[in-house]
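Each remark here refers to the structure printed beneath this line.
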DNA sequence: TCACCAAGCTAACGTAGGTTATGAATTATA
DNA sequence: TATAATTCATAACCTACGTTAGCTTGGTGA
């Protein structure tokens with residue numbers, strides 16, 4: 001998997017926005033795959049930052065261990081996602097990142113990206129990726145602040161569903177989700193007991209059927225209606241002016 | 001105020017990182033000031049995106065009105081902050097932005113920025129700004145998720161204090177903060193009643209003295225210790241490699 | 001100076017969700 | 001196949017915070 005296969009670049013590409021030159025630059029970034037075992041740590045908070053990673057297989061997550069013993073998860077990374085943009089512009093990692101299940105990641109250095117910046121307009125793609133991730137976090141912020149656990153979990157599941165659908169990892173409204181309820185609770189800022197309770201509610205209502213790591217949403221749109229999902233931050237293409245720039 | 005006077009660019013500048021050429025480019029962005037009255041709206045959610053703004057005077061905030069009638073505030077913008085980076089890469093605004101008190105803002109178009117991208121390495125500065133804002137949000141996420149209202153408010157006040165100190169708006173541990181308790185409650189995701197309760201606690205403990213829009217923190221470091229404040233996302237300079245790039 | 005209104009304080013009461021605990025189901029390891 | 005370790009479900013109890021309400025304070029304008 002090369003950088004061109006990541007979410008944003010793929011989006012650019014399908015719009016025919018990338019010039020041959022820019023494509024060549026992206027493909028030129030040699031991405032040597034690294035095989036990761038489950039719960040293997042990519043990096044720890046406060047380590048020096050020197051690289052991004054593209055997830056090729058498996059799921060990963062960024063988190064911070066808090067002084068009170070609990071853990072806050074910021075983001076889950078699915079295949080095609082770029083990890084580490086958050087730390088771009090800082091000398092040290094702001095969060096730790098670890099694999100959830102086993103998988104494959106492809107690291108590439110900041111240095112390589114700098115060289116791109118100097119030679120091409122691809123920077124906008126990176127900026128766009130960064131803002132997209134920020135937008136995802138912002139949506140989470142809303143649900144943390146103002147909605148009940150029921151609505152939070154609904155929103156979370158629907159977001160995962162949409163992201164997996166984008167990478168063709170949903171079949172018959174079913175998908176593989178290697179998350180324990182404890183991981184979910186760390187992401188949503190609630191207790192794992194309450195995650196369980198809330199899953200029970202969703203199950204009784206027939207909205208979510210879950211068997212371990214296998215999730216089925218009989219009627220995904222019903223979930224979306226429950227939370228009035230704002231999917232522009234996931235689905236939207238780049239504005240036309242971006243495409244123009246990238247063709248040059 | 002030109003773009004060069006914004007937080008990140010100022011940081012770059014004081015490190016001697018900006019080449020003459022890049023400085024000239026930044027200064028060339030004519031920023032015509034616009035005088036804003038209190039609670040005037042800069043833009044609404046879903047409007048077309050076409051510009052950033054630099055806050056010259058006054059405070060502003062980004063927010064979204066929720067279907068349940070409440071409001072979630074994402075960010076407060078102080079003088080020197082750039083508003084609108086969040087929307088860069090999207091065709092429509094993700095949040096509304098309004099002034100809190102009266103002030104002055106300087107808009108500049110995305111188009112102008114694109115031209116910079118094509119001609120210089122300044123993109124890294126923008127990326128860095130975007131990631132810094134993201135980092136701020138991430139910290140808020142932690143406090144929303146895992147900490148009590150007391151700790152949240154403490155963290156919030158200390159963050160404002162630090163940001164104001166950076167722009168020399170703190171004197172004798174005192175500063176001007178034009179926020180009502182209701183605005184704070186919308187930002188922290190709690191009720192305004194509970195914000196008041198929590199302020200009372202902080203007052204009784206002698207940690208925060210507040211008279212309307214005037215705040216004094218007799219011992220700021222005491223607050224920092226309470227929340228183990230991670231200030232790297234506010235204070236840290238850019239990594240050396242960025243500076244190198246920007247000199248060219 | 002008075003009237004008005006927004007902002008803030010405090011109290012009383014209700015509830016969503018935290019905590020602790022126990023047991024069942026599932027997976028991993030020997 | 002037995003044993004241990006996770007993961008999940010459900011119950012009982014508790015608390016931080018939301019909600020509603022009534023009062024005080026301070027700023028603003030005629």
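Over the Cα atoms, compute the radius of gyration (one decimal) and Dmax (the largest Cα-Cα distance, rounded to a whole number) for the stretch B:90-186, in Å.
16.9, 48
What nm distance separates the two modelled labels at residue A:167 and residue B:211, each placed 7 Å from Cα along Cα→Cβ?
5.7 nm
Taking the 0 to 90 degree range and rounding to the nearest ten, how far is the long axis of helix A:149-166 tilted relative to the main principal axis of chain A, both from C-alpha atoms?
Here the helix axis deviates by roughly 40 degrees.
How are the alpha carbon pair distances in the stretch B:3-138 distributed across 5 Å bins from zero to the largest one, expressed in percent?
2, 10, 20, 23, 21, 13, 7, 3, 1, 0, 0
How many nm separate the modelled label positions at residue A:46 and residue B:197, each set 7 Å beyond the Cα in the direction of the Cβ?
For the pair residue A:46/residue B:197, the computed spacing is 3.5 nm.
Please compute the length gained on full extension between residue A:27 and residue A:222, using 0.36 nm multiplied by the number of residues separating them and subtracting their Cα-Cα distance.
Details: separation 195, 0.36 × 195 = 70.20 nm, distance 4.05 nm.
Computed gain between residue A:27 and residue A:222 is 66.1 nm.
What percentages, rounded to whole numbers, describe P(r) for the stretch A:124-168 computed over all alpha carbon pairs with 10 Å bin width beginning at zero?
Final binned percentages: 25, 45, 26, 4.
What percent of all Cα-Cα pairs in the stretch A:140-232 falls in each 10 Å bin, counting up from 0?
The calculated distribution, bin by bin, is 16, 55, 29, 1.
Note down the relative contact order for chain A as a percent, whole number, built from C-alpha pairs under 8 angstrom at least six residues apart. Display every interim value, and only then the final one.
Values: 375 pairs, mean separation 54.9, N = 248.
Across chain A, relative contact order equals 22 percent.
If you find the alpha carbon centre of the stretch B:49-93 and of the stretch A:57-133, how far apart are they in angstrom?
So the separation of the two Cα centres works out to 24 Å.
Helix-derived [θ] at 222 nm for chain A: sum -39500 (n - 2.57) over DSSP H runs of at least 4, divide by residue count, nearest 500? Kindly include the intermediate steps, with their values, before the conclusion.
Numbers: 10 runs with 110 residues, N = 248.
Roughly -13500 deg cm²/dmol at 222 nm, from the helical runs in chain A.
Can you pull the one-decimal nm distance between simple spin-label points at residue A:39 and residue A:92, each 7 Å off the Cα toward Cβ?
2.6 nm
Can you give me the Rg/Rh ratio for the protein assembly as shown, using Cα atoms for both radii and the Kirkwood formula for Rh? Walk me through the intermediate numbers first.
Details: Rg = 22.2 Å, Rh = 23.4 Å.
Ratio of gyration radius to Kirkwood radius: 0.95.
For a test of the definition: using alpha carbon positions, the gyration tensor, and the 1.5 limit on a/c, classify chain A as rounded, prolate or oblate.
Values: a/c = 1.93, a/b = 1.47, b/c = 1.31.
Taking the square roots of the gyration eigenvalues as a ≥ b ≥ c, chain A is prolate.
Pairing the Cα long axis of helix A:192-204 with the longest principal axis of chain A, what angle in degrees results, from 0 to 90 and rounded to the nearest 10?
With rounding to tens, the tilt is 80 degrees.
Once both axes come from the Cα atoms, what is the angle between helix A:110-119 and the longest principal axis of chain A, in degrees from 0 to 90, rounded to 10?
Approximately 50 degrees, to the nearest ten.
Bear in mind that the values in this text are calculations on the coordinates, not laboratory data. Because the structure is a prediction, the values reported are computed rather than measured. In this analysis, Cβ positions are derived from the backbone assuming ideal geometry, glycine residues included, and neighbour counts consider all displayed protein chains.
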